[in-house]
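The values are calculated or read from the model by the stated rules, or taken from the named source; none is laboratory data. Quick caveat: nothing in here was measured; it's all calculated off a predicted structure. Please note: Cβ atoms are built from the backbone with ideal geometry, for glycine as well, and neighbour counts cover all protein chains shown.
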Amino acid sequence: MSLHIQYSKQIAKELGKIAVYFPGEDIKVGDVIIFPDGKKGIFQKAVPWGNSERITTLDKLEVPFKKREPSPNLHTYKFSTKNSVDVNFELSGDADLGNPDLPAVDANLSIKFKSEGSIYFLAVDCQESSIEDILELESQVKSESDLIWKNDAFLVTSVTVAKKALIMQANSKGSELVIGGNVQGLKSGTVNISADTNIQVKRQRGSSFIKDWSDNVTVFIEVMKMEKEVFGDTKSLDFESGIPTENTDNIEKKLVLKNIDISEYLKIRQENK
């Protein structure tokens, strides 16, 4: 399984989210995207795994929509691949961690990956923005663009952005990353990092970075499958030949936005190699 497909599946399984790969990619609410490497499984459904590609936007299709302002609620997401990531905490000097007033000394956090594709994920102070009224949006879509219908397209209905994020994925067994910062931000063997924490990558061995400690990183999206329904009589009779022919005069095409179930996608066995 390729690394980006593996990343998508692990985030979906552990966090119940559709991951942005690479984190920080410019994806906006109202984008119409495809997943070129997301294979169709036994249920013949396009799968939202791996890299995405923007094919158009609601703005370009001249479809008006209302965008809900980012939620004031902030969420932090922490995840590391079970049994595949070791996190070790080291102080660079003497310090009493039992003291409630933690000393201002440097600390190192060593993150070791035991297998290829292992993930360490930290997204701090995440906010979500989204489309306000999906039903109203459906009723306003007039486009009959084959670009949408023929490409297993998804509509991005929400985007989650982290104020700060540190995300990585090992490209080989035995990769290691060491990050350093103040002990107030890195506490006694666990990561307790706020968006204001000053940390930096000190050294790396064999890891494939996805995102260094960075500002304003897009980490998750929500999507709906874009499909069309055809209404009206599509056949007519040619009176001279008596042969049924296609008749498009009475055809009406309507966009249908369908919710997706991540758990269902996780059951699809066919994967990218």
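Search the range 160-181 for residues being of a type in the set (G, A, S) and part of a strand (DSSP E or B), and hand back the single one that is farthest from V201 (Cα to Cα).
Going through the qualifying residues, I end up with A162.
Within the range 244-259, does at least one residue satisfy the condition of being surrounded by 11 or more Cβ atoms within 10 Å (Cβ to Cβ), modelled with pLDDT under 55 and among the β-branched types (V, I, T)?
Looking for residues that are surrounded by 11 or more Cβ atoms within 10 Å (Cβ to Cβ), modelled with pLDDT under 55 and among the β-branched types (V, I, T), one finds none in the range 244-259, hence no.
Mind listing just one residue for me: the one in the range 216-240 that is within 30 Å of K67 (Cα to Cα) and either acidic (D, E) or touching a Cys at 6+ places or on another chain (Cβ under 7 Å) (or both) and, of those, modelled with the lowest pLDDT?
Result: E229.
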